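Below: the structure, in structure tokens.
The values are calculated or read from the model by the stated rules, or taken from the named source; none is laboratory data. Quantities reported herein were computed from a predicted structural model and do not represent experimental measurements. A quick note on method: Cβ atoms are made from the backbone with ideal geometry, for glycine too, and the neighbour counts reach across all protein chains shown. We work out accessible area using only protein heavy atoms, side chains counted, and drop any ligands, DNA or RNA first. Shrake-Rupley method; radii C 1.70, N 1.55, O 1.52, S 1.80 Å.
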Amino acid sequence: MSDSANTPEDPNPHTDPHTDRQPHTNPQPHPDPQPDPHTPGVSVRSTRAKGEPRFPDGPKADPAGSHFERRIRSFQPRRSRVTAGQADALQRLWPKWGLDIDGSRTLDLPELFGNDNPVVLEIGFGMGEATAQMAAADPATNILAVDVHTPGQGNLLNLADRNGLSNIRVGNGDAIILLREMLAPDSLGGLRVYFPDPWPKKRHHKRRIIQPDFLTLAATRLRPGALVHCATDWEPYAEQMLDVLTTHPDFENTQADGGFAPRPDFRPLTRFEGQGLDKGHVVNDLLFRRVQHVDQPPAGA
């Protein structure tokens, strides 16, 4: 729900993107026994031995590795502190509700969720509060929520567990690889991209996720009639989104006037968004439908 999945590059080129290990200083000759690194309430950061995976049963640091071509990405993983509660959720719940996007197989979505309910893909969910609210309000819709922000992944898993939200699965990795390599044609009932990084500098506009090539790929995975819902508080990006979606042959605007849409009731007003509105920011929603072309057979035919 925020731009945490699409954060500009780390200004420090020497930062290791795959670990947050702290250097060992002043080692004691007879250290006290360390607690289990995955005991609930105990910080993983302070107990993990050098070289030990951050979350042995949790999300991988780079699930797809180097198996796919290099390209300009619309996101950059952000390393930030994982709380004890988030770490516990990642360790306990990732094998149950987590998914590493490694591009190795085509997902069976009914098997993944345990039912045949429609699946909406959400790209970039921040800390997951709004995702959890939408899942609770619409239990008949499954949400495959993708992000690369580890604290947010742990927080969303924790919210799902506390609130009994079995219709959430958390994906870790590149949404493009997920769409291209791991989802079957016409398998998605919707797509949500809320508050992606606007990449405001002109030289970075190529990194914005809502581009013609992205929409062409997404269209192959969306069922005809599926809703694409975008939202942003960056007005120049909103205008670009509107232009790109309007001119794409696979999508049509749900608004008769061809403009932006009122915020639908199913998208919660987040604290982040409320703060922006208090400062006078304008938030624009875009609601487009996947078009079924005349020569295209109905989904499932």
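Distance between the 7 Å Cα→Cβ label points at A136 and R105: 3.3 nm. Here the range 143-301 is treated with +1 on each Lys and Arg Cβ and -1 on each Asp and Glu Cβ, and its dipole about the Cα centre works out to around 360 debye. Listed values for the range 257-271 are Karplus-derived 3J(HN,Hα) couplings in whole Hz (6.51 cos²θ - 1.76 cosθ + 1.60, θ = phi - 60°), namely 7, x, x, 6, 9, x, 4, x, 4, 6, 9, x, 7, 7, 4, and x replaces Gly and Pro. Sequence-ordered 3J(HN,Hα) estimates for the range 171-182 from the Karplus curve with 6.51, -1.76 and 1.60 and θ = phi - 60° stand at x, 10, x, 7, 5, 5, 5, 4, 5, 6, 9, 10 Hz, glycine and proline given as x.
Residues with beta-carbon under 13 Å from that of N115, excluding N115: net charge, scoring Lys, Arg +1 and Asp, Glu -1?
-2
Segment L112..K201, full-extension length gain: 28.1 nm, with 0.36 nm per residue of separation and the alpha-carbon distance subtracted.
Placing T247, T83 in order of accessible area, with the largest value first and a 1.4 Å probe, yields T247, T83. Ordered from largest to smallest accessible area (heavy atoms of protein chains, 1.4 Å probe), the residues H204, H293, H248 come out as H293, H204, H248. Note that the range 192-292 shows a convex hull volume over its alpha carbon atoms of 105 Å³ per residue. Scalar couplings 3J(HN,Hα) for the range 185-200, obtained by applying the Karplus form with A = 6.51, B = -1.76, C = 1.60 to θ = phi - 60°, are x, 6, 8, 9, x, x, 9, 10, 10, 9, 6, x, 4, x, 6, x Hz; x denotes Gly and Pro. Residues whose amide H falls under 5 Å from that of T232, counting only those 5 or more places apart or on a different chain, are F195, N284, with hydrogens built in the peptide plane. Potential lengthening of the chain between H281 and S166 amounts to 37.9 nm, from the contour at 0.36 nm per residue minus the alpha-carbon distance.
For the set W199, W234, solvent exposure ranked by accessible area (probe 1.4 Å, protein chains only) runs largest to smallest as W234, W199.
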